[in-house]
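The values are calculated or read from the model by the stated rules, or taken from the named source; none is laboratory data. Predicted model only: the values in this text are computed from it and were never measured. A quick note on method: Cβ atoms are made from the backbone with ideal geometry, for glycine too, and the neighbour counts reach across all protein chains shown. Side chains are part of the model used for accessible areas, which takes the heavy atoms of the whole protein and leaves out ligands, DNA and RNA. Shrake-Rupley method; radii C 1.70, N 1.55, O 1.52, S 1.80 Å.
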Amino acid sequence: MEKIDGILNNDTVAFKDFNLHENEVVSIKGYIHRIREMTGFSFVIIRTARDLIQCVYAPEFSDYRWDAKLTEEACVKVTGKIVKSTDAKGNDRFELQIHDIEILSLPAEPLPIVINKKQLDGIQLNTILDLRPVSMRNPKERAIFKIQEGIARGFREYLAQNGFTEIRSPKINFAGAEGGTNVFKLDYFGKEVYLAQSPQLYKQALVGVYQRVFEVAPVFRAEHHDTSRHLNEYTSMDFEMGFINDFTDIMHMETGVLKYIMQLLKKDYAEEIELLHADIPEITEIPCIKFMDAKELLMTKFKYKPSDMKDFDPAEEELLGKYAKKELNSDFLFVTHYPSKKRPFYTKDDPTDPEYTLSFDLLFRGLEITSGGQRINDYHEQVEKMIKCGMDPEQFETYLMLHKYGAPPHGGLGIGLERLTMHLLGFKNVREATMFPRDINRVTP
Ligand code: AMO
């Protein structure tokens with residue numbers, strides 16, 4: 001009987017280790033990305049999980065003879081000798097002189113688009129999205145989501161290092177957590193329930209257990225409009241921390257998270273950064289401005305006439321982004337003390353001026369990527385605010401257990417992963433930074 005011992009038969013060598021195996025015969029597995037026939041030999045580019053490896057087929061290297069069935073997108077195991085050569089710029093690089101190609105599978109049909117150019121030239125975003133399972137095989141497309149992996153990884157790593165516990169909150173819920181009408185209803189065995197708009201109610205409850213918690217998970221917003229920054233399902237990177245001195249503790253933690261993410265990207269994702277020409281921001285500290293001061297600035301400096309004194313429209317966010325960059329030399333800007341009327345029921349009002357809240361948004365290159373703030377932790381204050389917001393506290397009995405049975409001063413935030421990726425990579429549309437977007441017109445693939 002065969003026994004499985006958890007040790008993988010690793011019969012291939014990773015490209016990053018090629019320098020350790022110069023002049024040795026090794027194997028790699030991957031897709032044939034591109035075949036370029038030259039006179040007397042061919043370049044066969046193998047696409048592995050993250051690299052493009054140049055292999056050279058020439059009859060002089062071995063007895064192996066090219067199999068006519070081999071096409072681009074065939075899955076193969078290539079065996080050959082690692083040799084050092086020089087690229088067009090005169091830099092050293094390693095390539096493989098092919099001794100054998102084992103066919104692991106052949107595609108049934110040719111690809112519907114050309115994916116083996118540097119980028120998907122002239123292909124409409126909608127087509128790219130329709131064909132995501134294959135369009136993402138393009139090196140530049142897949143690099144986007146490798147960077148996104150780095151962002152989420154950095155978020156997790158930094159918070160774990162700072163005493164946060166990772167949690168998993170339910171996505172089928174008894175109530176929408178953020179108020180408003182943009183909540184998806186679900187028939188749950190005859191009962192009406194809702195898809196989670198955020199993990200808000202649960203991350204707060206768990207502050208009562210672990211003091212510091214975080215979650216990276218999908219959330220759902222029934223946005224009825226079709227914009228370049230809204231999705232109906234997005235990935236929310238949330239954290240919540242207890243025993244804070246005040247809400248600036250949360251902003252300090254976010255600054256630390258972002259610094260860590262940017263350093264991690266530079267360290268472990270340099271190839272993707274280069275491929276995408278990503279402009280990774282330098283962060284030392286992030287400037288802050290109060291909401292009303294920002295409104296004032298928009299009206300005086302930019303002569304902008306706001307349509308809503310309780311919130312910003314996208315044009316105002318853009319102007320504030322330009323101001324932060326030009327005048328404060330920062331890609332980021334915290335805006336604090338949003339009007340109480342525009343913030344959700346759990347937000348703590350500023351005791352010195354209850355028209356405003358102890359809350360903030362973070363703008364990144366002129367786009368809101370984060371909302372956060374201090375929460376109400378007193379039971380009676382929370383019940384009163386719910387009633388003021390037209391909510392029935394009885395329906396939130398389980399949420400209020402935190403407050404009723406003792407809650408520390410606490411607060412937290414939510415970062416939209418796709419929005420952060422979008423502006424990090426300079427995209428105009430959040431869908432470009434979403435693997436499989438869900439919007440008012442799209443639920444496939
Ligand atoms: P808020 O609703 O402001 O706050 O959301 C937080 C962040 O999530 C992103 N975001 C979106 N991204 C894509 N499509 C959408 N439709 C969308 N809506 C929001 C934005 C936004 O800044 N519970 C609070 C957070 C907290 O206070 O802890 C919340 O969810 O980047």
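Observations, loosely collected:
- Under the condition of being in a helix (DSSP H, G or I) and within 10 Å of the ligand (Cβ to nearest atom), the residues counted in segment 175-206 number 4.
- Meets criteria (open to solvent by 40 Å² or more (accessible area, probe 1.4 Å) and in a strand (DSSP E or B)) for residue 355: yes
- All positions within segment 224-245 that are near the ligand (Cβ under 9 Å from one of its atoms) and crowded, with 17+ Cβ neighbours inside 10 Å: 229, 230, 231, 232, 233, 234, 235, 236, 237, 238, 239, 240
- Subset of segment 173-184 [surrounded by fewer than 16 Cβ atoms within 10 Å (Cβ to Cβ) and touching a strand residue (DSSP E or B) at 6+ places or on another chain (Cβ under 8 Å)]: 184
- For residue 262, the criteria (1) open to solvent by less than 20 Å² (accessible area, probe 1.4 Å); (2) in contact with a helix residue (DSSP H, G or I) (Cβ under 7 Å, 6 or more places away or on another chain) hold in every case but one, which is (2).
- Near pairs, Cβ below 8 angstrom, 6+ apart or cross-chain, from segment 184-199 (among the charged types (D, E, K, R)) to any residue that is within 16 Å of the ligand (Cβ to nearest atom) and assigned to a strand (DSSP E or B): 185/194
- Count - residues of segment 94-125 that are out of contact with any helix residue (DSSP H, G or I) (no Cβ under 9 Å at 6 or more places or on another chain) and in contact (Cβ under 8 Å) with a residue 24 or more places away in the chain: 9
- When residue 378 is tested against (1) more than 16 Å from the ligand (Cβ to nearest atom); (2) not assigned by TED's automatic domain parsing to the domain that holds residue 238, only condition (2) is not met.
- With respect to (1) within 16 Å of the ligand (Cβ to nearest atom); (2) over 30 Å from residue 52 (Cα atoms); (3) of a type outside the set (A, V, I, L, M), the lone exception for residue 161 is condition (1).
- None of 399, 338 is away from the ligand (no atom under 11 Å from the Cβ) and either surrounded by fewer than 19 Cβ atoms within 10 Å (Cβ to Cβ) or not charged (D, E, K, R) (or both) except 399.
Each row is one residue, and each column tells you yes or no for (1) in the same structural domain as residue 424 (by TED's automatic domain parsing); (2) under 23 Å from the mean Cα position of the chain (by Cα).
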| site | (1), (2) |
| --- | --- |
| 77 | no, no |
| 86 | no, no |
| 89 | no, no |
| 99 | no, no |
| 111 | no, no |
| 125 | no, yes |
| 146 | yes, yes |
| 151 | yes, yes |
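- Looking only at segment 1-19, residues that are surrounded by 11 or more Cβ atoms within 10 Å (Cβ to Cβ) and either of a type outside the set (Gly, Ala, Ser) or over 29 Å from residue 136 (Cα atoms) (or both) come to 7 in all.
- Residue that is assigned to a helix (DSSP H, G or I) and loosely packed, with under 14 Cβ neighbours inside 10 Å, where the choices are 170, 133: 133
- Exactly one residue out of 50, 36 is in contact with an Asp or Glu (Cβ under 8 Å, 6 or more places away or on another chain) and open to solvent by 70 Å² or more (accessible area, probe 1.4 Å), and it is 50.
- Within segment 49-83, the residues that satisfy the criterion of being under 18 Å from residue 38 (Cα atoms) and outside any loop (DSSP other than H, G, I, E, B) are 53, 54, 55, 56, 57, 59, 60, 61.
- Evaluation of residue 73 against (1) open to solvent by less than 40 Å² (accessible area, probe 1.4 Å); (2) at negative phi (one fails), failing number: (2)
- Of the residues in segment 285-299, not one is outside any helix (DSSP H, G or I), in contact with a Pro (Cβ under 6 Å, 6 or more places away or on another chain) and of a type outside the set (Phe, Trp, Tyr).
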